[in-house]
1. When region A:166-186 is examined, which residues are found to be closer than 16 Å to A:Trp138 by Cα and either within 14 Å of chain B (Cβ to nearest Cβ) or over 12 Å from the mean Cα position of the chain (by Cα) (or both)?
2. Looking only at region A:64-106, which residues are under 15 Å from A:Val129 (Cα atoms) and either assigned to a loop (DSSP other than H, G, I, E, B) or within 14 Å of chain B (Cβ to nearest Cβ) (or both)?
3. From (1) surrounded by fewer than 12 Cβ atoms within 10 Å (Cβ to Cβ); (2) outside any helix (DSSP H, G or I), pick out the condition that doesn't hold for B:Ser191.
4. Counting only residues that are free of Cβ contacts under 8 Å to residues at least 60 places away in the same chain and either within 27 Å of A:Tyr200 (Cβ to Cβ) or part of a loop (DSSP other than H, G, I, E, B) (or both), which one in region B:89-104 is farthest from the chain's Cα centre (by Cα)?
5. Given the conditions (1) assigned to a loop (DSSP other than H, G, I, E, B); (2) in contact with a strand residue (DSSP E or B) (Cβ under 7 Å, 6 or more places away or on another chain); (3) surrounded by 24 or more Cβ atoms within 10 Å (Cβ to Cβ); (4) among the small types (Gly, Ala, Ser), and given that A:Gly192 satisfies all but one, which numbered condition is not satisfied?
6. Got a sec? Which of B:Ala27, B:Ala58, B:Ala65 is aliphatic (A, V, I, L, M), touching an Asp or Glu at 6+ places or on another chain (Cβ under 7 Å) and within 17 Å of A:Gln24 (Cα to Cα)?
7. Does B:Arg135 satisfy the criteria of being touching a helix residue (DSSP H, G or I) at 6+ places or on another chain (Cβ under 8 Å), of a type outside the set (A, V, I, L, M) and more than 14 Å from every other protein chain (Cβ to nearest Cβ)?
Amino acid sequence: MAKVTRGFLGRRRPAEAGRLPPGQYDVGRDWPVLTAEVTPRLDTASWTFSVEGLVERPTTWTWDEIHALPPSTYNGDIHCVTTWSKLGISFTGVAVDTLLEAAGPLPAASHVLAFSHTGYTTNLPLDDVTGGRAWVAWDVDGDALPVDHGGPARLLVPHLYFWKSAKWVAGLQVLDHDEPGFWERNGYHDRGDPWLEQRYQGD
Amino acid sequence: MGASGGGRRDPWHTATVVGIRDETATAKTFRLALPGPVEFIAGQHYIIRLTAPDGYTASRSYSVASAPDGTNEFEVTIERLPAGEVSMFLHDEVVVGDELEVRGPIGGWFVWRGDAPAVLVGGGSGVVPLMAMLRLARRTGRADLLRLVVSVRSPDDLYYADELPGPEATIVYSRRAPADAERAAGRMGPSDLEPAIMPDATAYVCGSARFADAASHLLVDLDVPVERVRVERFGPTG
């Protein structure tokens, strides 16, 4: 049980409080940038996205090829483990379902390890990137995704803490086991559900 | 961590504020004591959680500024952000003797264990985790392993002004330099970083998103391999 802090009342509870997972605050119009690596300079002319590992047809898309797939848009909220949430944001790209259908995960597939052009990785159960809950996104609120927010394209898994939404995403490796990614090896939770406050290993 | 097999241990601990001192007009260092020994690695952070009587909570991460010293105490330096719910409360309400809930230490990436060469580049309050590293190096007699370059707007904005200067530290003033400074005020550039670069060093860059981007690209342009640059960016964390 949390212990009451002497003198702390907190700021006025926002009307959107029900939309905020526990321990999160509404960052408003800001969109903080938190990254552990040097921001890369990626060229869409040589950009690729791959689905590999335990799939029937390992597949790589170029920038033009992935844009030829049926587009899909997410409208909703995002939640960062550092306690900010951004309410009412819109991303457009392609559903991960579409990409996985093309590659055909084998029956043993249970997890994916998302990897970025920078070497960043993050792990996700297959269930969390299917069923219309994950995207490879390149537009935000109608504009091209800025490079400091992961452009030209990032993974988007908005129902989990935002470190799962790998910036500068390069592909998914389909696995039959869970393999911790970059932050997960460095103390963060393997799943990262903000509504369960799965921030760190052991939560 | 560690106790996952058995009953889950409450990760939150009650710390007592045992000291508060001003670093600048807008930054204070809080010295916190825990019931047991504090073990952390320079560069790690703790979370401070505030709880209102109705159960509402607000928590933020703060880098440790002190070096591990074998005691049950550690220090965090906190910038008072306008409209920062947690930092304003800590600055304006908390006094010595108060109890605060903390969790940590956290982080396994932006850490320095004191045994390998490192180039530290900090902007403004981004110096905090780097100060933990510098203090560790000096305490263990290994200051030769470190070079620190810190960029601040003016002398009034420099944290740890009495302690930080030394042969391994360079201070860059971006807007206003002290009267006796050799370098005129101006944005940090390649010539500020080049003397700090050592072969096989890992670079640790900490500051605002804008500062961190600029500094990390300066390092890469000076041929520091991109995989040897570790970055900690912060936004408005209130």
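The values are calculated or read from the model by the stated rules, or taken from the named source; none is laboratory data. Since we're looking at a predicted model, the values are computed, not measured. All Cβ positions, even for glycine, are placed from backbone atoms using ideal geometry, and neighbour counts span all protein chains on display.
1. From region A:166-186, those closer than 16 Å to A:Trp138 by Cα are A:166-171; that's our starting set.
Within region A:166-186, A:Lys167, A:Trp168, A:Ala170, A:Gly171 meet the criteria.
2. Listed by number, the list holds a single entry, A:Gly104.
3. Going through (1) surrounded by fewer than 12 Cβ atoms within 10 Å (Cβ to Cβ); (2) outside any helix (DSSP H, G or I) one by one, B:Ser191 breaks only (2).
4. Here the answer is B:Glu93.
5. (2)
6. Values: B:Ala27 fails: within 17 Å of A:Gln24 (Cα to Cα); B:Ala65 fails: within 17 Å of A:Gln24 (Cα to Cα).
Exactly one of B:Ala27, B:Ala58, B:Ala65 is aliphatic (A, V, I, L, M), touching an Asp or Glu at 6+ places or on another chain (Cβ under 7 Å) and within 17 Å of A:Gln24 (Cα to Cα), namely B:Ala58.
7. no
Condition check ((1) surrounded by 14 or more Cβ atoms within 10 Å (Cβ to Cβ); (2) in contact with a Gly (Cβ under 8 Å, 6 or more places away or on another chain)) across all residues:
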site: B:Leu164; (1), (2): yes, no
site: B:Ala181; (1), (2): no, no
site: B:Arg210; (1), (2): no, no
site: B:Leu218; (1), (2): yes, yes
